[in-house]
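The values are calculated or read from the model by the stated rules, or taken from the named source; none is laboratory data. Keep in mind that what you see is a predicted model, and the values were worked out from it rather than measured. Quick reminder, even Gly has a Cβ in these numbers, built from the backbone with ideal geometry, and neighbours come from all protein chains shown.
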Amino acid sequence: MSAEIVQLVEQAGPYLTTALSAYGVAVFTRAETAAADATANLGRCVLQAVWRRRDERGRAELEAAVHDAVESPEDEDAAAALRQQIKRVLREDAELRAELARLLPASGETVHVTASGERSIAAKTIGTAVTGDHTTIQP
């Protein structure tokens, strides 16, 4: 296994743990929310990115690993099984490795993002963000 994959999974670890605590097994279906902190939202983004790249069987396996990790947050074996699922996908998908490398802060990098005020947006990376009234987004 490449050092890059190991590093990505290690970097994602705290974000995944926080996402599972905040969202539980609904982590795949929940949208980003201001009520959850940036760490939980980033972990949710990582898990959803991995989930989107899996086929039906792979999604079921990943969902089972998430369920086990949520049900037993102190169980290192459950956490390891989830990490193993993520590593498997990363080994097979160079595009996903690149996406996660862009999402996650570099090793040792500290990211501080602050939003203040009505309709504020704060993000390290962002796709489309809309804060205005009566806005229509065209694909």
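Quick one: is Ser116 touching a helix residue (DSSP H, G or I) at 6+ places or on another chain (Cβ under 8 Å), modelled with pLDDT under 90, surrounded by fewer than 10 Cβ atoms within 10 Å (Cβ to Cβ) and not charged (D, E, K, R)?
The answer is no for Ser116.
Quick check, is Ala3 under 25 Å from Thr131 (Cβ atoms), out of contact with any strand residue (DSSP E or B) (no Cβ under 9 Å at 6 or more places or on another chain), modelled with pLDDT under 85 and surrounded by fewer than 17 Cβ atoms within 10 Å (Cβ to Cβ)?
no
Which residues, taken from segment 79-105, are of a type in the set (Gly, Ala, Ser) and either buried (at least 19 other Cβ atoms within 10 Å of the Cβ) or touching a residue at least 40 places away in the same chain (Cβ under 8 Å) (or both)?
Ala79, Ala101
Quick one: would you say Asp37 is in contact (Cβ under 8 Å) with a residue 12 or more places away in the chain and either surrounded by fewer than 16 Cβ atoms within 10 Å (Cβ to Cβ) or under 22 Å from Ala101 (Cβ atoms) (or both)?
In short, yes.
Out of segment 11-56, which residues are modelled with pLDDT of 90 or more and either at positive phi or of a type in the set (Asp, Glu) (or both)?
Listed by number, the residues that qualify are Asp55, Glu56.
Please go through segment 50-69 and pick out each residue that is touching a Leu at 6+ places or on another chain (Cβ under 7 Å) and surrounded by 18 or more Cβ atoms within 10 Å (Cβ to Cβ).
Val50, Trp51, Arg54, Ala65, Val66, Ala69
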